[in-house]
């Protein structure tokens, strides 16, 4: 892939990927992680279907975040590296908008937070979220409906 092709295909994704990272990792690490993501895009981007660059980058970013969190968790507690990674925004980042929502968000399972974050916060369509998570669109729809219901219940319990 030529530098011009890379710029044309991936330049518009810089802002959404940075926002995605800012909601999920320490602000001091965003630039380094974004650089890692776009390094992978440079090396493997030619294999990505035209028009599917952003969902593919979200999948790469999710993997980079999981590795980042595992590395940081390992430094704090070796056993935490064995747990499933949670790449959704933290309850603290949601708290800025609404305390009750932050409380409800914190009580949702990680998979529910992830699917809600990709669709509601990051603005991905069902198809894009499916590509990002490497699952079917039907699975995303089912998970999204289940997550919305879980959030409704959690919000009702905090009221």
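Every number here is computed from the coordinates shown, using simple stated rules; none is lab data. The shown structure was predicted, so the numbers you read here are calculated from the model rather than taken from an experiment. FYI the Cβ positions are ideal-geometry reconstructions off the backbone, even for glycines, and counts take in every protein chain you see.
With a 10 Å radius around each residue's Cβ, average the other Cβ atoms per peptide and rank 5-11, 129-135, 52-58, highest first. Walk me through the numbers before you get to the answer.
Details: 5-11: 14.0, 129-135: 19.1, 52-58: 20.9.
By packing density, highest mean first, the sequence is 52-58, 129-135, 5-11.
Calculate, in nm to one decimal, what residue 5 and residue 39 gain on full extension: separation in residues at 0.36 nm each, minus their alpha carbon distance. Could you put the intermediate results ahead of the total?
Details: separation 34, 0.36 × 34 = 12.24 nm, distance 1.46 nm.
Length difference between fully extended and current span is 10.8 nm.
I need the peptides 140-152, 38-50 ranked by packing, meaning the mean over residues of other C-beta atoms within 10 angstrom, with the highest value on top. All intermediate terms of the calculation are to be shown ahead of the outcome.
Numbers: 140-152: 15.9, 38-50: 13.5.
Highest-to-lowest ranking by the protection proxy: 140-152, 38-50.
Give me the number: length gained by fully extending residue 153 to residue 127, i.e. 0.36 nm times residue separation minus the C-alpha to C-alpha distance, one decimal in nm.
Values: separation 26, 0.36 × 26 = 9.36 nm, distance 2.62 nm.
So the extension gain works out to 6.7 nm.
Which FRET efficiency, nearest 0.05, do residue 46 and residue 70 yield, Cβ-Cβ r, R0 25 Å? Kindly include the intermediate steps, with their values, before the conclusion.
On the way: r = 28 Å, r/R0 = 1.14.
E between residue 46 and residue 70, to the nearest 0.05, is 0.30.
Once you have the Cα-Cα distance between residue 138 and residue 29, take 0.36 nm times their residue separation minus that, and quote the gain in nm to one decimal.
Numbers: separation 109, 0.36 × 109 = 39.24 nm, distance 3.41 nm.
Length gained, residue 138 through residue 29: 35.8 nm.
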